[in-house]
Every structure is written in C-alpha cells, then in structure tokens.
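This report refers to the structure that appears directly beneath it.
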Amino acid sequence: NENYSDVSECIKTLLRSGCNPNYPNSDSETPFFNLLKKQSKLNQKDLVKFFLDNSTIDVYTYRSDEMIDLFKLQMPQRKLPEQTIQNIDPKFMFSLVVQRRENEFEAYFKAFKESCSNNLQNFVEECAKFLEMAAIKGAPSIAELLLEKVSIDLSTRAAGATWLYPPSFIAVMNGFYQIVETFLQQPSLKFNFVKPKNPDFVLDKDSPTTLMHEVCLRFGREGTNDVSVDYQKCFDLLINDPRCTPSVINLQDSYGCTPLHYTCLLYTSTSPRDRQKSRM
C-alpha cells in the first residue's frame, strides 16, 4: 500500500507490453479479478480504469459471479465489458490438460471449438491429443468432456502421440480408474492392441497385448498417494465388461504370457517383460 504509485506503474507497463489480464491462476483468479479485490481495500480506481481502457477484459469465464459483483460495486458508472469469444489456440488448451486445470479447460472448450470452425479435421486431431494427455496426467473430467463433444476412436493413437499405446491402454497403465470407467462406455474401445515396432529398440517387434495384460502386469505392485490411482478398481471394471471375452483373457502376448501369468508373477522380478527394457 505504501508504494502503490510505483507498483501501479509497473502493472501498467506489463499490461502495455501484452500481459494477459484474463489468464487464470490455480484458483481460477485472473489478474483483473485480483485487482478488483485489492482495489476494494485501497479505494483507488485509476488502475481498474486503466485496465478497462487499455485491454479487453473477460469477466464471464472465471469466477464470474464474484467478479461481476466486485465490478458493479467499484465501478457503478461503467457498463460491464461485453462478452466476447476469445481465440484459444491448441497450445493453450494443451497446457490446461497438462496442468490438470479441468474447470478452465471446460470453460474455454467452446471458444476453442469455434476457433477451429474452418478446419474440423484439425479440431478432432487436437482433441485426440488432449485425450491422450488426459489419460497420461489423470484428468477424468477432461476425458469425459472430450468424449461427450467429439467422436474419438479409442482404438488408435493420436497423430503425433507421445506414447506407443492408445489412450485406453495409457489410462489402465497409470491406474486412473475413473478414466477407464469413462472409456469403457465408448463403443470404439477395444481390449486388444498390437503395439507397433519401436525403432529405438533393435530387437523390438510388433507386440500383441490386451488391457487385461497391462493391468495384471501392474496392479498391486506400485504404491501411490494419488487417490485417483487404483489398479484393483481398473481390473474389476475390465473383468466385468462384456468385451473381456475368454479370447481376451487367454491371449498370449509376444512373450507367451496370458494376463494370468503376469498376475502370478506379480511379486517377482522374473516376468519376461522385466527382463527387457521398458518399451514406452
């Protein structure tokens, strides 16, 4: 408070240089929202007015009720900023998935879709990448939203995918049972997958596997404090799905192992896969 004039000039300089007054933090608070909270104590209106006069302010996407109330209280003589659709690029949306900022992703999704209106194919491809990352990071709400809004084939990998497996296998490998449950509701999900040869391993070859192989290879072995990770729940969901047929349960992978083999070898280091380098 004692150096308000200097701080406000720094803020104005940042805003003139292109800093985004609408970018949310982990609590969905934008810089403008925090400014309104501070200004209510400082009783200084010049900085709020500067923001409104020199940038496009969004009071509708994050914590809108609180922000609008603060705005009306502090600036009763001004109209609320008009609600506009922002042009949200894929990199920004991808960063929200990586950070598991699920509420923000949902808030921006409609604007992102509209920004891709001229290229539907690109929109679907980007959403497939988002879905893969949701399975990697454990973002069930994002996975559910994407599958509700976009037709994504869960049996194939996204273009430019990070892992060598489809998103359904990634979710099982990571033990994210909520995502697994969402995926199991999709007709495109398949229990079988043939992993393509990895050029980084000279002796690697095409490798058939199933979701049951992957969960039996992992559940009970890895400890974690993440309550969203539960391999036993993943196993229960898979074994009770009608697509988990005898042919799936008895399929041998490239090491000659069925899912039951990996369950029996759970607490040993003699698994054929344990004698190979990680293939992901």
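The values are calculated or read from the model by the stated rules, or taken from the named source; none is laboratory data. Keep in mind the model is a prediction, meaning the values are calculated, not measured. Here Cβ is always computed from backbone atoms with ideal geometry, including for glycine, and neighbour counts include all displayed protein chains. Surface areas here come from the heavy atoms of the whole protein model, side chains and all, with no ligands, DNA or RNA. Shrake-Rupley method; radii C 1.70, N 1.55, O 1.52, S 1.80 Å.
The table below gives the values:
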{"item": "Accessible surface ranking that places the most exposed of SER95, SER8, SER151 first, with a 1.4 angstrom probe", "result": "SER151, SER95, SER8"}
{"item": "Relative contact order %, the chain, counting alpha carbon pairs below 8 Å whose residues are six or more apart", "result": "11 percent"}
{"item": "Under 18 Å from the Cα of LYS45 - lysines, other chains or at least 8 residues apart", "result": "LYS12, LYS37, LYS72, LYS79"}
{"item": "Hull volume in cubic angstrom per residue (convex hull over the Cα atoms of segment 130-182)", "result": "67 Å³"}
{"item": "Segment 1-129, accessible surface, carbon-and-sulfur percent (1.4 angstrom probe)", "result": "47 percent"}
{"item": "Where GluC sites (Glu not before Pro) in DSSP loops with at most 13 other Cβ within 10 Å are excluded, longest remaining stretch of the chain", "result": "83-221"}
{"item": "Proximal aspartates and glutamates relative to LYS38, as straight alpha-carbon distance under 19 Å, when same-chain residues fewer than 8 apart are discounted", "result": "GLU2, ASP6, GLU9, ASP27, GLU29, ASP46, ASP53, ASP58, ASP65, GLU66, ASP69"}
{"item": "On Cα atoms only, tilt of 102-115 relative to the major axis of the chain in degrees", "result": "80 degrees"}
{"item": "Viscosity 0.890 mPa s, temperature 25 °C, Stokes-Einstein D of segment 1-74 from Kirkwood C-alpha radius, µm²/s", "result": "195 µm²/s"}
{"item": "Area of TYR60 that stays accessible when all protein chains are in place (1.4 Å probe, Å², to 10)", "result": "70 Å²"}
{"item": "Cα-based Rg of segment 38-177 normalised by 2.2 N^0.38 Å, two decimals", "result": "1.33"}
{"item": "Sequence-separation-based contact order of segment 1-130, relative, with Cα cut under 8 Å and 6+ spacing, percent", "result": "19 percent"}
{"item": "Directionally averaged shadow of segment 69-144, computed from the convex hull of its alpha-carbon atoms, nm²", "result": "6.2 nm²"}
{"item": "Largest to smallest accessible area among HIS213, HIS261 [probe 1.4 Å]", "result": "HIS261, HIS213"}
{"item": "Efficiency of FRET from Cβ geometry, ASN119 and VAL98, R₀ 25 Å, rounded to 0.05", "result": "0.60"}
{"item": "Cut-off under 5 Å, modelled amide H: who pairs with LYS195 long-range", "result": "SER207, THR209"}
{"item": "Estimated Rh, the chain: Kirkwood, alpha-carbon pairs, angstrom", "result": "21.9 Å"}
